[in-house]
Amino acid sequence: MKPKAITILYVLTLAILVWTLAGEQGRDPAKKGTASPQLPEAPAGFDNKSNGMVDDQTHEADQLTFDAVEDVADGLGPLYNAQSCRECHQNPTSGGASQVTELRVGHLGPDHRFRNPDIPIARGTEIIAGRTLVNDRAICPNAAFPDTEIQERVPESESVRTTRISLSLLGDGFVEAVSDRTLIDLARNQCNSTHGKVCGLVIYVPIVEALGQAGVGRFGWKNQHASLLSFSGDAYLNEMGITTQLFPDEVTRLCNTVSEPNDKPGPDGLADVDLFARFLRASKAPARDLKLADTPVAKRGSDLFDKVGCAVCHVQTLVTAAAGTKINGGTFAIPVALGSKAFHPFGDFLLHDVGTGDGIVIPTVEHYGRAARQMPKECSPEEFQKTRNRVRTAPLWGVRLRTRLMHEGASVTLRDAILRHAGEADQATRGFRKLAAKDQEAIVEFLRSL
């Protein structure tokens, strides 16, 4: 890019700058001239060091909390999937992805709208409602409650069934710091530039720590959260069964012997869920394999990735809002370490129908707890129904470290994952199929460098 062009870009607003970067590049950060020195790069690496938001000692302590194993005395369960955050988010280090999946089900009503399941437990004497998640583990029956049966099982009536694979959370502090307006503009420009063929869905979701406030969703396969604190509280309850001040209600009172909330603030006023969020916010972005990225084949693959249209959704570069900007309903101010940083997720954090949708709609009670009783006006049931066959674009940073791909982990090679894309991604997939074998392999080699 010529110096004059760069000068012109930098007098534009931040949102327009982000779209310019997103639209023009899929360009490889290993290539010279992609990023301007006026935009500091987000720190990247798998070294367990802080990105600068906190000191390394604090980050290490927060990681120990993230890694800690919960037991029944801590409030584990009664229904749960895992005993620690690390159990599902660990490869290649704490906060990364894994092969662990969760089970979700539901059914269509007579009006063909998605309905959450009713899951009977305790021989049918109690019904678990308001969730699509079916927990794989339960603490009962046990020595204290030998006759209490609370294991969830899928009723035959729930014909919509899917699994979802655990996502990487590394670098998500930078994702949280992207302004809502940036994602809104990205979706609009994406739709305009493709003449309506690719239109990412922006969905507003409640900020659990700011009752009545909403933000643009970006975390989870359905973009069900905009805040890392909301996301952490949701996972602590629904994946581990640990209640917090944000989510104080157990899924079932059966077999429950620990007072609520299970997770209580320490002397510093911070509970474990606060430390989880701080750990994620301070994590570095996933780093590339720079040696492979610098090879001629990978560089050619990067150009072809853009040419066939993959970069329309797998946006290389986004920019965070300025330090001091209040987000999450005014509850969090972006720190200097996260503000005005360029990072390279190869994703747009929007919802798309690429022909692999799981048929599940965001369940509000499960993801927002008591906040679901006071849903912000932006969060309408109609908008949530639109998530049924859409999933968030999978960010490709760190994809070389994954053996199972797509939302349910059913694709096990990069080529298979590419060829599964349909719907909004149909044109890009057809472009890939038309390439010569060596050019297809170049794209795959490029992906192996991410």
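Highest GNM mean-square fluctuation among A323, A337, A436, for the chain modelled with Cα contacts below 10 Å: A436.
Shape analysis of region 306-450 places it in the oblate category; the axes a ≥ b ≥ c from the Cα gyration tensor give an a/c of at least 1.5, with a/b not above b/c. If R0 equals 45 Å, the separation of the Cβ atoms of Q245 and D426 corresponds to a calculated FRET efficiency of about 0.50. Comparing mean-square fluctuations of A277, A143, A311 from a GNM of the chain with C-alpha springs under 10 Å, the top value falls on A143. Normalised radius of gyration (Cα atoms, divided by 2.2 N^0.38 Å) for the chain: 0.97.
Note on D294 and Q57: their simple-model spin labels are 3.6 nm apart, each label 7 Å out from Cα toward Cβ.
Counted by Cβ distance under 12 Å from I360, the other residues give a net charge of +3, where Lys and Arg count +1 and Asp and Glu count -1. Taking trypsin sites (Lys or Arg not before Pro) in DSSP loop conformation with at most 10 other Cβ atoms inside 10 Å as exposed sites, the chain has its longest uninterrupted site-free stretch at 254-376.
Taking a Cβ cut-off of under 13 Å around M375, the surrounding Lys, Arg, Asp and Glu residues balance to a net charge of 0, with basic ones at +1 and acidic ones at -1.
Per-residue surface analysis assigns I127 an accessible area of about 90 Å², computed on protein heavy atoms at 1.4 Å probe radius.
For the chain, the longest principal axis of the C-alpha atoms and the axis of helix 14-24 are separated by about 70°.
Near the amide H of A214, within less than 5 Å, lie the amide hydrogens of I207, all on another chain or at least 5 residues away, with H placed in the peptide plane. For the chain, C85, C88, C310, C313, C379 stand unpaired, since no other cysteine beta carbon lies under 4.7 Å from theirs. Net charge of the neighbourhood of V202, taken over other residues with C-beta under 12 Å away and scored Lys/Arg +1, Asp/Glu -1, is +1.
Here the mean projected area of the convex hull built on the C-alpha positions of region 175-254 is 6.4 nm². The accessible surface of the chain, taken with every protein chain in place and a 1.4 Å probe, is 53 percent carbon and sulfur. When all alpha carbon pairs of region 325-378 are counted in 10 Å bins from zero, the resulting P(r) reads 15, 28, 36, 21 %. Here the calculated FRET efficiency for D136 and E41, from their Cβ-Cβ distance with R0 = 35 Å, stands at 0.30, rounded to the nearest 0.05. In the chain, helices alone account for a calculated mean residue ellipticity at 222 nm of -8000 deg cm²/dmol, with every DSSP H run of four or more residues adding -39,500 (n - 2.57). In summary, the aspartates and glutamates within cross-link reach of K49, defined as a Cα separation below 17 angstrom excluding same-chain residues under 8 places away, comprise E41, E60, D62, D67, D172. Accessible area per residue for the chain is 42 Å², calculated with a 1.4 Å probe on protein heavy atoms, without ligands, DNA or RNA.
Between H112 and E383, the simple label model (points 7 Å from Cα in the Cβ direction) yields a spacing of 2.4 nm.
Helix 228-240 versus the longest principal axis of the chain: what is the Cα-based angle in degrees, 0 to 90, to the nearest 10? Once rounded, the angle reads 40 degrees.
The lysine pair count for region 223-374, using Cα distances under 22 Å and pairs eight or more places apart or on different chains, is 5. Which residue, chosen from L270, G324, H344, occupies the Cα position most advanced towards the positive end of the dipole of region 235-347, where the dipole is computed from +1 (Lys, Arg) and -1 (Asp, Glu) charges on Cβ about the Cα centre? Working it through, the farthest residue towards the positive pole turns out to be H344. Return one number: the angle in degrees, 0 to 90 and rounded to the nearest 10, between the long axis of the Cα atoms of helix 272-281 and the longest principal axis of the Cα atoms of the chain. The angle comes out near 10 degrees. Subtracting the Cα-Cα distance of L270 and N192 from their residue separation scaled by 0.36 nm leaves 23.6 nm. Label separation (D71 vs T331): 3.1 nm, computed from points 7 Å beyond Cα along the C-beta direction.
Length gained on full extension, A437 to T413: 7.1 nm, using 0.36 nm per residue less the C-alpha separation. Shape descriptor for region 293-385: Rg over Rh equals 1.09 (Cα atoms; Rh from the Kirkwood inverse mean 1/r).
The values are calculated or read from the model by the stated rules, or taken from the named source; none is laboratory data. The structure presented is a predicted model; accordingly, all values stated were derived computationally and were not measured. Neighbour counts run over all protein chains shown; Cβ positions are idealised from the backbone, glycine included. Surface accessibility is based on the protein's heavy atoms, side chains included, excluding ligands, DNA and RNA. Shrake-Rupley method; radii C 1.70, N 1.55, O 1.52, S 1.80 Å.
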